[in-house]
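The values are calculated or read from the model by the stated rules, or taken from the named source; none is laboratory data. Please read all numbers here as calculations on a predicted model, not as lab measurements. Neighbour counts are summed over all protein chains in view; Cβ atoms, including those assigned to glycine, are modelled from backbone coordinates with ideal geometry.
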Amino acid sequence: MFGAGRAPVVPGTFGTLAAVPPAYLLARLLPPWGFALATVVLAILAIGTSGVAAREMGLKDPRPVVIDEAAGLFVTLLYLPVAPATFAIGFVLFRLMDILKPFPARQAEGLPGGWGIVVDDLIAGAYANCALRILGALSLRWAGA
């Protein structure tokens, strides 16, 4: 993710931040199903590359590997409005879910190789996506009140 994983502090946050511009660009250029396909391709790429990196580095989940955060952010933004507020709130919610690791995200870390590195972020992204939808529905309800 453009070297974001080499940040001396919070590389996951920097990795997620580095994923925002390409996610925004793809979400603007592609139809929703195209962005979903890009998300699937990114997730598969993340599972493969993070597994190789973990083996090469001799670590279970190396801090410099942040492509998993990018995949999680893409899941966060699936089928939602392409707007700066969506991306900003999505970024915050994804980081929160990635840190909290609600069930079964923490358990997914036990999966082998790249699967354990990436699947927890995909689950965190799904939680963040649901939270964004709830916030969006609430804001529409409040606006109409």
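List of remarks:
- Of the residues screened, ASP61 is not one that is of a type in the set (D, E, K, R), modelled with pLDDT of 95 or more and over 9 Å from the mean Cα position of the chain (by Cα).
- Pick from segment 124-141, criterion free of Cβ contacts under 8 Å to residues at least 24 places away in the same chain and hydrophobic (A, V, I, L, M, F, W, C), ranking: surrounded by the most Cβ atoms within 10 Å (Cβ to Cβ): CYS130
- Selection count where residues are charged (D, E, K, R), touching a residue at least 24 places away in the same chain (Cβ under 8 Å) and outside any loop (DSSP other than H, G, I, E, B), scope segment 85-111: 2
- Residue check for ASP61: assigned to a helix (DSSP H, G or I) and either on the phi > 0 side of the Ramachandran plot or charged (D, E, K, R) (or both): no
- Residues satisfying the criterion are present in segment 50-60 (criterion: surrounded by fewer than 16 Cβ atoms within 10 Å (Cβ to Cβ) and acidic (Asp, Glu)).
- Note on segment 97-145: residues that are of a type in the set (D, E, K, R) and either in contact with a Lys or Arg (Cβ under 7 Å, 6 or more places away or on another chain) or within 10 Å of GLY72 (Cβ to Cβ) (or both) amount to 3.
- If the condition is being closer than 10 Å to ASP121 by Cβ and out of contact with any Ser or Thr (no Cβ under 7 Å at 6 or more places or on another chain), then segment 72-108 contributes GLY72, THR76, MET97, ASP98, LYS101, ALA105, ALA108.
- Test: residue in segment 33-44 that is modelled with pLDDT of 95 or more, closer than 28 Å to GLY136 by Cα, under 14 Å from the mean Cα position of the chain (by Cα) and outside any helix (DSSP H, G or I): no
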